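Enquirer: Here's a structure for you.
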Amino acid sequence: MTGQKRVQRLADWLIRRSGRRLPDGTREERLREWTAELTAILDDAGITRLRRKARAIRFSAGVQRAARRMTRSPGTQRPRVFTVRAAAAAAVTAVVLVTISLVLGYVFAPAAESATGAAVILLAFLGIVAGAASTVLLAALGVARVTRRRGERLTAGARPARLRTRPARVAAAAFFAAVISLTIAIITGTASQANFPGNSALAWFATAMGITGLACLALLIGMALAAAVTRLWHLARRPPAAPTGHRSTVGQQPH
Amino acid sequence: LYSGPQTLTGPGRLPLLIVTDICRIRRMRVTRPLQRLLTILVGDPAAHWYGYQLMKSASLPSGTLYPMLARLEEQGLVTSQWEPAPAEAGRPPRRYYQLTGDGVRVAREVTRPARQTAPRPAARPGLAGQS
């Protein structure tokens, strides 16, 4: 089986899988349409074979998202349960990280005899604890729920703007970068204590990683603080509660 | 509810058309991707476009494009039709989209500032055999 056939089979499978979400009335038509589009992508002579394959996979992965969006009624936001899950995952991660940092601190404490080694380990330890704390803070504040898209509405008023998820993605990326950098800092910091050749290079690397990790954490904490300030600002400026009988405009049809 | 622009004739019709069209598009949030899509479609209102062409022209992923097209079609701003006979044998027929009269008016209204800077599509798309 050629590479193109394999890609086509995978893409076909993804498209069929997306079709399961769609209601019976539109499923056949959409599947027909998307399959025809897939053929158009795979036959596109204007791009290289590799790009055709990548585009086909991207297309079929995208239609999964399309199917989800098309089955959601207009005006509704992503289910709240997603955020609750994210918060729960962040809290669990924080607990695990704190536990790991405590264990590491206990295990490596006797090895940290030199001042540099002790400083690196302490830096990493503090970094992980700070990372865990800021994760909890981020989850609690719900960065994604307090920042809103700006300037993309035709008119102000009727329906609340959908919530912006980009800060949450940036926060997640910064968090993972921090965890990875600090883990590397711990490992290289510990290794630099042993009598390996190139000791000083390892120590420098560990320090650089530690600084990178701390910078990521500073970014996280900054974002959390910004979110907190934004939240307080919105709370302070929130108009008084609507009188009884006034219904929310979310999901209403326009006049 | 939106009752269609043909409910009033006479001198007051134009403002009413604009108001009703704006009410209509308010069912959707006017996002940048939607503006990009409408800019492409209104660039040649008579043209027929299939999804992949629109994805390439408007630089939109499929996950964004198809829900928007479905919503626009639901509101009568875009119409779709299946290709009667594919130009190349063995190729499955494609679904082509085109702006309706109302769609052209709404698209012009919504994309007015964007169209001043956006480039026009390079080639005129069309039904079978012209793409």
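Enquirer: Any chance you could count how many residues in segment B:69-98 are at negative phi and more than 9 Å from chain A (Cβ to nearest Cβ)?
Expert: 15
Enquirer: Now, a different point. Would you tally the residues in segment A:44-73 being part of a loop (DSSP other than H, G, I, E, B), open to solvent by 60 Å² or more (accessible area, probe 1.4 Å) and not polar (S, T, N, Q)?
Expert: Counting residues in segment A:44-73 that are part of a loop (DSSP other than H, G, I, E, B), open to solvent by 60 Å² or more (accessible area, probe 1.4 Å) and not polar (S, T, N, Q) gives 3.
Enquirer: Can you find a residue that is touching a strand residue (DSSP E or B) at 6+ places or on another chain (Cβ under 9 Å), open to solvent by 10 Å² or more (accessible area, probe 1.4 Å), touching a residue at least 24 places away in the same chain (Cβ under 8 Å) and within 12 Å of another protein chain (Cβ to nearest Cβ) anywhere in segment B:58-66? Steps first, answer last, please.
Expert: Keep residues of segment B:58-66 that are touching a strand residue (DSSP E or B) at 6+ places or on another chain (Cβ under 9 Å), which gives none.
Scanning segment B:58-66 turns up no residue that is touching a strand residue (DSSP E or B) at 6+ places or on another chain (Cβ under 9 Å), open to solvent by 10 Å² or more (accessible area, probe 1.4 Å), touching a residue at least 24 places away in the same chain (Cβ under 8 Å) and within 12 Å of another protein chain (Cβ to nearest Cβ).
Enquirer: Quick check, is A:Val98 open to solvent by 50 Å² or more (accessible area, probe 1.4 Å), of a type in the set (A, V, I, L, M), modelled with pLDDT under 90 and closer than 30 Å to B:Gln75 by Cβ? Please lay out each step first, then the result.
Expert: Values: open to solvent by 50 Å² or more (accessible area, probe 1.4 Å): yes; of a type in the set (A, V, I, L, M): yes; modelled with pLDDT under 90: yes; closer than 30 Å to B:Gln75 by Cβ: no.
Spelling it out, it is not the case that A:Val98 is open to solvent by 50 Å² or more (accessible area, probe 1.4 Å), of a type in the set (A, V, I, L, M), modelled with pLDDT under 90 and closer than 30 Å to B:Gln75 by Cβ.
Enquirer: May I ask you to say which residue of B:Thr31, B:Thr39 is at pLDDT 85 or above and among the hydroxyl-bearing types (Ser, Thr, Tyr)?
Expert: Residue meeting the stated conditions: B:Thr39.
Enquirer: As an exercise: evaluate B:Glu73 against (1) of a type outside the set (Lys, Arg); (2) open to solvent by less than 40 Å² (accessible area, probe 1.4 Å); (3) under 20 Å from A:Arg68 (Cβ atoms) and give the number of the one condition it does not meet.
Expert: Unmet condition: (2).
Enquirer: Shifting gears a bit: Here are some conditions: (1) at pLDDT 90 or above; (2) open to solvent by less than 40 Å² (accessible area, probe 1.4 Å); (3) outside any loop (DSSP other than H, G, I, E, B). B:Gln81 meets all but one. Which one does it not meet?
Expert: (2)
Enquirer: What about A:Leu14, is it more than 8 Å from chain B (Cβ to nearest Cβ) and either more than 22 Å from A:Arg72 (Cα to Cα) or free of Cβ contacts under 8 Å to residues at least 40 places away in the same chain (or both)?
Expert: No, not satisfied.
Enquirer: To continue, here is another question. Those residues that are open to solvent by 40 Å² or more (accessible area, probe 1.4 Å) and in contact with a Lys or Arg (Cβ under 9 Å, 6 or more places away or on another chain), I need them from segment A:9-23; list them, please.
Expert: Listed by number, the residues that qualify are A:Arg20, A:Arg21.
The values are calculated or read from the model by the stated rules, or taken from the named source; none is laboratory data. The structure presented is a predicted model; accordingly, all values stated were derived computationally and were not measured. Note: ideal-geometry Cβ built from the backbone for every residue, glycine included; neighbour counts use all protein chains shown. Side chains included, ligands, DNA and RNA excluded: accessible areas come from the protein's heavy atoms. Shrake-Rupley method; radii C 1.70, N 1.55, O 1.52, S 1.80 Å.
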